[in-house]
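These notes concern the structure reproduced below.
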There are 2 protein chains.
Amino acid sequence: MSEAGFSILGIPGSLRAGSYNRALLRAAGEVLPPGVILDVFALDDIPMYNADVQAEGDPEPVSELKRRLAEADVVLIATPEYNYSIPGVLKNAIDWASRPPKICAFRKKPVGIIGASSGESGTMRGQLAIRQVFVFLDAYVMAQPELRVTNAGRRFDEKGVLIDEELRGRLQGYMVALIDWAHLVGRAPGA
Amino acid sequence: MSEAGFSILGIPGSLRAGSYNRALLRAAGEVLPPGVILDVFALDDIPMYNADVQAEGDPEPVSELKRRLAEADVVLIATPEYNYSIPGVLKNAIDWASRPPKICAFRKKPVGIIGASSGESGTMRGQLAIRQVFVFLDAYVMAQPELRVTNAGRRFDEKGVLIDEELRGRLQGYMVALIDWAHLVGRAPGA
């Protein structure tokens, strides 16, 4: 089946330039079926959520995030776990995108959640914390497969290039499953 | 027992000027035993967490937050629940304060968590999400009593003044319990 024009929006949960999760999204972009595009939206310019500010209108980076979310066929979040939970930076972006509730940018949007950590947990608690948030937002988060990347320091080189072929295979399988999931539950973007 | 010099640091989880949680902290400051002081640290100036920035040294607002946390006998977080979880703004501040791990500002710090919402949940899911974070950080979070303020729009007037005497009584009881908790588990600040 041709996937021409199918678009994935990757969102890294870390602002660190050398983030393993940014690297994981780059690697995901290299194992896609023909025609599928993965663009990354970094959260560096999203300000702190403040309802007083939002009442005056979304800041431009927030508008851009919402536009990119609306255009994507599926969203792929790749994030570290901070303190057993969602990085504040990522949660803050989700908070912005969720308002106002009636036009929440994540509503009925197919979503995948993956993550890489330097240790053994592979972001498992952080991923569960994000799933709890998306229950409220009624996003369509894929259940399985899960992808938790442990010991990331051994799987990427100093330039953030994926050097672990076993992980590359798992990541490729994950992306195929995520695209299938989007076809199963997704609507045309903006519909 | 005299509480002279006992200090509470209140942290509101919302940046909104008319926040019910800011109002709740103000009300908490009015029902304290003699000698106890509650200061509020607003999170407006805390930037987004970025490990690259932190490696260069904490930004001044983060240093100030850490200093205030170290000086306080107990921390009282009053926060809305955003999307079944912690507001990104608050989680981001906790992420900053938690680094570097060996001198995490919340470690063994007595903490209370309360929250107000305009609806019926009273922030119960958000409070649980914060407790999960503080498990990792080894903060001493008081278990009971809990304080969940539902229907906040009926309990505060337009100026954010607490007008519900039943809630005032519960809040007073909560503050007494929190001070007792701090005496039970707390160390001298900075010890």
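Brief remarks on what is shown
- Identity of the residue in segment A:149-187, touching a Gly at 6+ places or on another chain (Cβ under 8 Å) and in a loop (DSSP other than H, G, I, E, B), that ends up nearest to A:Thr123 (Cα to Cα): A:Thr150
- Residue within segment A:131-139 that is among the β-branched types (Val, Ile, Thr), within 12 Å of another protein chain (Cβ to nearest Cβ), closer than 25 Å to B:Ile130 by Cβ and surrounded by 15 or more Cβ atoms within 10 Å (Cβ to Cβ) present: yes
- Verdict on A:Leu15 being among the aliphatic types (A, V, I, L, M), within 14 Å of chain B (Cβ to nearest Cβ) and under 22 Å from A:Ala129 (Cβ atoms): yes
- For A:Ile77, the criteria (1) away from every other protein chain (no Cβ under 12 Å); (2) in contact with an Asp or Glu (Cβ under 7 Å, 6 or more places away or on another chain); (3) buried (at least 24 other Cβ atoms within 10 Å of the Cβ) hold in every case but one, which is (2).
- Residue count for segment A:35-62, restricted to those that are among the small types (Gly, Ala, Ser), within 9 Å of another protein chain (Cβ to nearest Cβ) and either under 21 Å from the mean Cα position of the chain (by Cα) or within 12 Å of A:Asn92 (Cβ to Cβ) (or both): 0
- Pair list, Cβ under 8 Å, 6 or more apart: segment A:119-146 residue within 22 Å of A:Ala93 (Cβ to Cβ), other residue of a type in the set (Phe, Trp, Tyr) and open to solvent by less than 30 Å² (accessible area, probe 1.4 Å): A:Gly126/A:Tyr82; A:Phe134/A:Phe106; A:Leu137/A:Phe106; A:Asp138/A:Phe106; A:Ala139/A:Phe106; A:Val141/A:Phe134
- Any hit, segment A:54-66, residues being among the polar types (S, T, N, Q), open to solvent by 20 Å² or more (accessible area, probe 1.4 Å) and more than 28 Å from B:Arg16 (Cβ to Cβ): no
- Restricting segment A:1-53 to residues that are of a type in the set (Val, Ile, Thr) and farther than 23 Å from A:Gly186 by Cβ leaves a set whose member that is surrounded by the most Cβ atoms within 10 Å (Cβ to Cβ) is A:Ile46.
- Residue list for segment B:109-125, restricted to those being open to solvent by less than 20 Å² (accessible area, probe 1.4 Å) and polar (S, T, N, Q): B:Thr123
- Extreme residue, farthest from B:Leu171 (Cα to Cα), among residues of segment B:9-25 that are of a type in the set (A, V, I, L, M, F, W, C) and in contact (Cβ under 8 Å) with a residue 24 or more places away in the chain: B:Leu15
- Selection within segment B:83-108 - open to solvent by 20 Å² or more (accessible area, probe 1.4 Å) and either among the charged types (D, E, K, R) or within 9 Å of chain A (Cβ to nearest Cβ) (or both): B:Tyr84, B:Arg99, B:Lys102, B:Arg107, B:Lys108
The values are calculated or read from the model by the stated rules, or taken from the named source; none is laboratory data. What you see is a predicted model, and the numbers here were worked out from it, not measured in a lab. Cβ atoms come from the backbone with ideal geometry, glycine included; neighbour counts cover every protein chain shown. Remember, those area values only see protein heavy atoms, side chains included, never the ligands or the DNA or RNA. Shrake-Rupley method; radii C 1.70, N 1.55, O 1.52, S 1.80 Å.
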